[in-house]
Amino acid sequence: MYERPTGPMVPINSSVAHPARVYNAWLGGKDNYLADREAAELAAAANPEIVPAVRANRAFLGRAVRHLAGEAGIRQFLDIGTGIPAADNTHEVAQRVDPGSRVVYVDNDPIVLAHAQALLVSASEGSTDYLQADLRDVDRILAAAGKTLDLSRPVGLMLVAVLQYVPDADDPYDLTRRLLDALAPGSHLVLSHPAADIGAEKVAESMRAYNERAAEHAGATPRTHAGVTRFFDGTDLLEPGVVQLPEWRPEGEGTTAPGPLPMWCGVGRK
């Protein structure tokens, strides 16, 4: 079942880069504009590890959701910063395990809203909903999510490659805490984040190239291993802890990388 997307319609500004569309460009998608492609190309030129990191990030999402749905028994997910739908979205992975799984997606790019109804289609036994909102709108996100999800039961909170777009001035740690505080014990936090301490000079230069072309409130801030680990305060980190993307519970061939990838990831249980 697919619920009608909620949230105000916002005009699309194609003259500045937006995270969801830049990410789409890095994945080789077509749902982006010239400004997005320029930002993607300049950032990747400064740090060639970006593209393999983005692909590894997508693979991490799939492994984490399979673990939550298959081993932890999670049947509902709140995916914030979902981006433009691609292969193996959260609900598709979860519903292969249990077709009754429910997922609420949140993103602030109107292009994602345009794709949601066509591409975020649930199995008939389950449900998906989509909310156009910013990560900073915690109360609104939780109120809308509660219409599809039972927040008194465990939820998989997906904050995959999104918290870098929240600057320290907006306190991303408090936003994460408020989201987790609203969820039941047994909920899990799935998180990935660009690293400030892997290939630091290349990461800084690629972020500078991206930020110069980014929309307002869409600039990116990489963080250190300690900074990313801090997001898991109040949870029990699952093994192997906060690690580089390919190192989180690899599944056979194709999960190793030729060298360090500038992103940290982990999963924690509340």
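Just a yes or no: is a residue in the stretch 161-168 of a type in the set (A, V, I, L, M, F, W, C), touching a strand residue (DSSP E or B) at 6+ places or on another chain (Cβ under 6 Å), within 20 Å of R102 (Cα to Cα) and open to solvent by less than 10 Å² (accessible area, probe 1.4 Å)?
Within the stretch 161-168, none of the residues are of a type in the set (A, V, I, L, M, F, W, C), touching a strand residue (DSSP E or B) at 6+ places or on another chain (Cβ under 6 Å), within 20 Å of R102 (Cα to Cα) and open to solvent by less than 10 Å² (accessible area, probe 1.4 Å).
Sort out which residues of the stretch 91-114 are closer than 16 Å to A143 by Cα and basic (K, R), and write them in order of number.
Within the stretch 91-114, R102 is the sole residue that qualifies.
Of all residues in the stretch 54-82, how many are open to solvent by less than 40 Å² (accessible area, probe 1.4 Å), assigned to a loop (DSSP other than H, G, I, E, B) and touching a Gly at 6+ places or on another chain (Cβ under 7 Å)?
Summing the residues that are open to solvent by less than 40 Å² (accessible area, probe 1.4 Å), assigned to a loop (DSSP other than H, G, I, E, B) and touching a Gly at 6+ places or on another chain (Cβ under 7 Å) in the stretch 54-82 gives 1.
Out of all the residues in the stretch 83-102, which are within 17 Å of L149 (Cα to Cα), buried (at least 18 other Cβ atoms within 10 Å of the Cβ) and in contact with a Ser or Thr (Cβ under 8 Å, 6 or more places away or on another chain)? Can you show your working first?
The initial filter retains those residues of the stretch 83-102 that are within 17 Å of L149 (Cα to Cα), namely 90-92, 94-95, 98-102.
From the residues that got through so far, the ones that are buried (at least 18 other Cβ atoms within 10 Å of the Cβ) too are 90-92, 94-95, 101-102.
If the condition is that a residue be within 17 Å of L149 (Cα to Cα), buried (at least 18 other Cβ atoms within 10 Å of the Cβ) and in contact with a Ser or Thr (Cβ under 8 Å, 6 or more places away or on another chain), then T90, H91, A94, Q95, R102 are the ones that fit.
Residues S192, S187: which one is over 15 Å from the mean Cα position of the chain (by Cα), within 19 Å of F232 (Cα to Cα) and surrounded by 21 or more Cβ atoms within 10 Å (Cβ to Cβ)?
Details: S192 fails: over 15 Å from the mean Cα position of the chain (by Cα).
One residue alone meets the criteria, S187.
Which count do you get for residues in the stretch 38-50 that are open to solvent by 30 Å² or more (accessible area, probe 1.4 Å) and either touching a helix residue (DSSP H, G or I) at 6+ places or on another chain (Cβ under 6 Å) or outside any helix (DSSP H, G or I) (or both)?
Going through the stretch 38-50 one residue at a time, the tally reaches 3.
Please verify whether the stretch 69-83 includes one or more residues that are of a type outside the set (D, E) and at pLDDT below 90. Give the steps one after another, and end with the answer.
Quick first cut of the stretch 69-83, residues of a type outside the set (D, E) only: 69-70, 72-78, 80-83.
Now drop any that are not at pLDDT below 90, which leaves 82-83.
Yes, because at least one residue in the stretch 69-83 is of a type outside the set (D, E) and at pLDDT below 90.
Helices (runs of 4 or more DSSP H) wholly in the stretch 92-208 with at least 1 residues that are among the β-branched types (V, I, T) and farther than 25 Å from W248 by Cα - which ones? Steps first, please.
Numbers: elements: 110-119, 138-145, 172-181.
Here the list reads 110-119, 138-145.
Can you tell which of E201, E239 is modelled with pLDDT under 95 and loosely packed, with under 14 Cβ neighbours inside 10 Å? I'd like the intermediate steps shown before the answer.
Numbers: E239 fails: modelled with pLDDT under 95.
Answer to the selection: E201.
Which ones in the stretch 23-37 are surrounded by fewer than 17 Cβ atoms within 10 Å (Cβ to Cβ) and within 17 Å of S206 (Cβ to Cβ)?
Passing the criteria: only R37.
The values are calculated or read from the model by the stated rules, or taken from the named source; none is laboratory data. These numbers were taken from a predicted model, which means no experiment stands behind them. Here the Cβ is made from the backbone with ideal geometry for all residues, glycine too, and neighbour counts use every protein chain on show. These accessible areas exclude ligands, DNA and RNA; they are computed on the full protein's heavy atoms, side chains included. Shrake-Rupley method; radii C 1.70, N 1.55, O 1.52, S 1.80 Å.
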